[in-house]
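Shown next, in structure tokens, is the structure this report addresses.
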Amino acid sequence: MTPSSETPIRVLLVDDDPMVRAYVGGFLAGDPGLEVVGSVPDSDAALAVLSRTEVDVVLLDLVMPGVDGVEATGLFLEQAPGLRILILTSLDDGERVGRALAQGAVGSLTKDLPANALVQAVRAAHSGLRVMTPPSFAHIVSQQRPHRSPDAPELSQREQEVLDLLCAGHSNNEIGRRLFLAPSTVKGVVSTLISKLGAVSRLHAVARAHELGLGRLHP
């Protein structure tokens, strides 16, 4: 089935900056598999849209006057429990993103994402995946990582991001979708991790990561 013959994913964009709404909304409207059912400046206007229109995914600004993205996440999900909410931010504000995730958001995206990555993120969220751009992802996982062994190898940020998802049992394709990486890139990083951890397989690498305090389960 082609995207044009599927029921479009209904997206609501909530951001107080009209230029962001025009810019991001233009990307989304250009994809035949997506339908922008609302583009509004604040949570009150968003709640009004949710009261009269079916919405699948909300792209929600983190920092807005009045009710911010953290509080709005809880309000939106009270009104429409099946929503998938992606926090949209121009800030590397992991603490607020973490609170939004605790309220029920499924991920966080920076506003400078390329158009194709933005569309992929909306599709991934709609399908049930959690998606986050690296700055927010790195902050969230660093808050929940176990004590690191002095024998643990040094890992790059990308290697740690892949390892965290590997430890949660995700396939290379799923890791690539969440981190916006090509499967071949993920495969290469996983091979490097296996070598650095002194492992002989993916499963052994996960076990070694937990032994060394490098890995954690991620939803």
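Rounded to the nearest 20 debye, the dipole magnitude of the chain is 900 debye, with +1 charges on Lys and Arg beta carbons, -1 on Asp and Glu beta carbons, and the Cα centre as origin. Comparing mean-square fluctuations of H170, H204, H126 from a GNM of the chain with C-alpha springs under 10 Å, the top value falls on H204. The helix-only estimate of mean residue ellipticity at 222 nm for the chain, built from DSSP H runs of length n ≥ 4 each weighted as -39500 (n - 2.57), is -14500 deg cm²/dmol after division by the residue total. Here the extension length gained between N173 and E35 equals 47.1 nm, from 0.36 nm per residue of separation less the Cα-Cα distance. Between Y23 and E71, the distance separating the two model label sites (each 7 Å from Cα on the Cα→Cβ line) works out to 2.7 nm. Considering only alpha-carbon pairs that sit under 8 angstrom and 6 or more positions apart, the relative contact order computed for the chain is 15 percent. In the chain, taking the dipole from charged Cβ atoms about the Cα centre, the farthest positive-side position among G66, Q120, A22 is held by Q120.
Taking all protein chains in place and a 1.4 Å probe, what share, in percent, of the accessible surface of region 1-103 do carbon and sulfur account for? Numbers along the way, then the final one.
Working: 2470 of 4800 Å².
Accessible surface attributable to carbon and sulfur in region 1-103 totals 51 percent.
With protein chains left intact and a 1.4 Å probe, residues in the chain average 46 Å² of accessible area per residue.
The values are calculated or read from the model by the stated rules, or taken from the named source; none is laboratory data. The shown structure was predicted, so the numbers you read here are calculated from the model rather than taken from an experiment. Glycine also receives a Cβ, built like all others from the backbone with ideal geometry; neighbour counts cover every protein chain displayed. Heads up: the accessible areas ignore ligands, DNA and RNA and are worked out on the full protein's heavy atoms, side chains in. Shrake-Rupley method; radii C 1.70, N 1.55, O 1.52, S 1.80 Å.
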